[in-house]
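S.K.: Okay, here's the structure, questions in a sec.
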Ligand code: FES
Ligand code: MG
């Protein structure tokens, strides 16, 4: 059966793959063995053999992952929806990923959770799956797994926390800590005030309330068409979150009957739409890495070049921190992702004919958006917060690719570096090189480094292999002496990533990374770098013979693996520029080909 037959093979009554476990006339012995153990907690044989779709609920919530923990409660509304639509829910745990809690990095676990999900979806009697997403890496891990397996799948975001407040001002996740650290360094606040200030940004259940990686990736899951319209922005404690859980449970049953699968939704055009949406949202700099990874597991051609080509010129429409002012509650009240998508569709920036989990086209979904958004938060396309706000993809004599988030460059930075009338997009900086976050913290305030307002802080050995997983450390602060003088940002560059909540205009995700011999390994403190944003280049200003000399002297760093997974991960992971996937895994596409087969 070829792909087309299989799509049209979605006739009602087609045999679902779960029946191989629960109702195989050719093998009553195995059927009995499969069935008896699922019955031992009260589910009946009649239910399991009824031919109803078996729907997995991929549970990412646990005490170890507080950002997603309320999925443990939401799952009961998902179950209600599945039951009411005629399906049978089977909930199962996913490997926990907590962005702020996992050492050495949560990024290390994205591919581990992905592998686990693939194995579960492939090896158990599941006809469709609800992906519970939230904290940063949980969303790409779920979507990558659904892409590889390609059974009907739908995303249920957990939603952002309520807005945080500190002394009458909005305190956003992540964004507050950059501010609090500066205040602590400047001795404006003490330790206990510092702790209270940071905690004020987390007033309820939910994931980060800024447009960090969590809200960005959940918004992009919606932009891709993988969640019901409006899902991403509903704050976690709102009643609509429970309604959404119920509707999501209902809808996945319909998707199974229609055999509507990730490959029907996550098409090349859908990824292109998501790139445009990312720019308008002011999305996290982690998004290109994750989206390229999801696309590769889907077998869709999609690269950083698409981000440059389609995203760089798109204006910033959403006024959320870190690029803007507001947090998740305001974004939701203003209409959330559908309001942004409608604005982009009307401006001719999106393909409206892509299919979403609703089974309708994006344009049909958006036709339901009638209300005028709050224009303080979701701006009109012709009245944006910033023009050309997407990611710029850079390259040069030290690396093949890196991304820079233009939307967070502020006026002060622009004046200092981008105001030469002859070359408004080009500036030279003096490199100060750190070997990793520990070295940065140990030496930042060393006067011998002579860091001044024309320096660039460079950090290396922080990529997927180097750290391992890739540390979110590129958004480095200037030394205390410069902060006191009022220099609050320096350009930074590195082979690590940075938190999606950071407002630093860093050059990050430099690929290939230093640990695998990328050119960043050859840089020395005191070197001059020329950064040209128009040419999209970063070049080390030394003769090529000198660079070659340095290369021949380079010794690979010794990698110290603390766990078996670190060793396996490092032996198989690719670079951030190509999604930091487990390279062998990318060869497994569409692994559940047919109904009734696995
Ligand atoms: Fe989990 Fe930000 S730390 S969403
Ligand atoms: Mg992060």
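The values are calculated or read from the model by the stated rules, or taken from the named source; none is laboratory data. From a predicted model like this one, the values you see are computed outputs, not experimental measurements. All Cβ positions, glycine included, derive from the backbone under ideal geometry; neighbour counts span all protein chains shown.
Per-residue answers, yes or no, for (1) more than 18 Å from the chain's Cα centre (by Cα); (2) touching a residue at least 40 places away in the same chain (Cβ under 8 Å); (3) in a helix (DSSP H, G or I):
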{"position": "146", "(1), (2), (3)": "no, yes, yes"}
{"position": "184", "(1), (2), (3)": "yes, no, yes"}
{"position": "198", "(1), (2), (3)": "yes, no, yes"}
{"position": "202", "(1), (2), (3)": "yes, yes, no"}
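S.K.: Another question, if that's okay. State which residue is surrounded by the fewest Cβ atoms within 10 Å (Cβ to Cβ) when the search covers only segment 160-182 and only residues that are more than 16 Å from ligand 2 (Cβ to nearest atom) and in a strand (DSSP E or B).
M.R.: Across segment 160-182, the extreme among qualifying residues is 169.
S.K.: Need the failing condition index for residue 477 against (1) part of a strand (DSSP E or B); (2) in contact (Cβ under 8 Å) with a residue 40 or more places away in the chain, just the number.
M.R.: Of (1) part of a strand (DSSP E or B); (2) in contact (Cβ under 8 Å) with a residue 40 or more places away in the chain, only one is false for residue 477: (1).
S.K.: Considering only segment 342-363, state which residues are in a helix (DSSP H, G or I) and within 12 Å of residue 270 (Cβ to Cβ). First the steps, then the outcome.
M.R.: First, the residues of segment 342-363 that are in a helix (DSSP H, G or I): 342-346, 362-363.
362 - this is the single residue of segment 342-363 that is in a helix (DSSP H, G or I) and within 12 Å of residue 270 (Cβ to Cβ).
S.K.: Quick check, is residue 458 outside any loop (DSSP other than H, G, I, E, B), buried (at least 23 other Cβ atoms within 10 Å of the Cβ), on the phi < 0 side of the Ramachandran plot and away from ligand 2 (no atom under 16 Å from the Cβ)?
M.R.: Numbers: outside any loop (DSSP other than H, G, I, E, B): yes; buried (at least 23 other Cβ atoms within 10 Å of the Cβ): yes; on the phi < 0 side of the Ramachandran plot: yes; away from ligand 2 (no atom under 16 Å from the Cβ): yes.
Yes, satisfied.
S.K.: Kindly indicate which of 204, 157, 216 is within 14 Å of ligand 1 (Cβ to nearest atom), surrounded by fewer than 20 Cβ atoms within 10 Å (Cβ to Cβ) and modelled with pLDDT of 95 or more.
M.R.: Working: 157 fails: surrounded by fewer than 20 Cβ atoms within 10 Å (Cβ to Cβ); 216 fails: surrounded by fewer than 20 Cβ atoms within 10 Å (Cβ to Cβ).
Residue meeting the stated conditions: 204.
S.K.: Return the only residue of 303, 284, 227 being closer than 30 Å to residue 508 by Cα, touching a helix residue (DSSP H, G or I) at 6+ places or on another chain (Cβ under 9 Å) and within 16 Å of ligand 1 (Cβ to nearest atom). Step through it out loud before you land on a result.
M.R.: Details: 303 fails: within 16 Å of ligand 1 (Cβ to nearest atom); 227 fails: within 16 Å of ligand 1 (Cβ to nearest atom).
Exactly one of 303, 284, 227 is closer than 30 Å to residue 508 by Cα, touching a helix residue (DSSP H, G or I) at 6+ places or on another chain (Cβ under 9 Å) and within 16 Å of ligand 1 (Cβ to nearest atom), namely 284.
S.K.: Which one is farthest from ligand 2 (Cβ to nearest atom) among residues in segment 118-136 that are surrounded by fewer than 24 Cβ atoms within 10 Å (Cβ to Cβ) and not in a loop (DSSP other than H, G, I, E, B)? Steps first, answer last, please.
M.R.: Going residue by residue through segment 118-136, those that are surrounded by fewer than 24 Cβ atoms within 10 Å (Cβ to Cβ) are 118-120, 122-125.
Cutting the leftovers down to not in a loop (DSSP other than H, G, I, E, B) gives us 118-120, 122-123.
On the way: 118: 24, 119: 26, 120: 25, 122: 29, 123: 31 Å.
Once the filter is applied, the top-ranked residue is 123.
S.K.: Return the only residue of 156, 220 being closer than 30 Å to residue 390 by Cα, assigned to a strand (DSSP E or B) and in contact with a helix residue (DSSP H, G or I) (Cβ under 6 Å, 6 or more places away or on another chain).
M.R.: Details: 220 fails: assigned to a strand (DSSP E or B).
Sole residue among the options that is closer than 30 Å to residue 390 by Cα, assigned to a strand (DSSP E or B) and in contact with a helix residue (DSSP H, G or I) (Cβ under 6 Å, 6 or more places away or on another chain): 156.
S.K.: While we're looking at this one, here's another question. Can you tell me how many residues within segment 94-117 are touching a residue at least 60 places away in the same chain (Cβ under 8 Å) and either touching a strand residue (DSSP E or B) at 6+ places or on another chain (Cβ under 6 Å) or more than 14 Å from ligand 2 (Cβ to nearest atom) (or both)?
M.R.: Selection size over segment 94-117: 4.
S.K.: I would also like to ask the following. Just checking, does segment 403-424 include any residue being over 30 Å from residue 335 (Cα atoms), in contact with a helix residue (DSSP H, G or I) (Cβ under 8 Å, 6 or more places away or on another chain) and touching a residue at least 12 places away in the same chain (Cβ under 8 Å)?
M.R.: Looking only at segment 403-424, we keep the residues that are over 30 Å from residue 335 (Cα atoms), and these are 412-424.
Going one step further and asking which of them are in contact with a helix residue (DSSP H, G or I) (Cβ under 8 Å, 6 or more places away or on another chain), we end up with none.
Within segment 403-424, not a single residue is over 30 Å from residue 335 (Cα atoms), in contact with a helix residue (DSSP H, G or I) (Cβ under 8 Å, 6 or more places away or on another chain) and touching a residue at least 12 places away in the same chain (Cβ under 8 Å).
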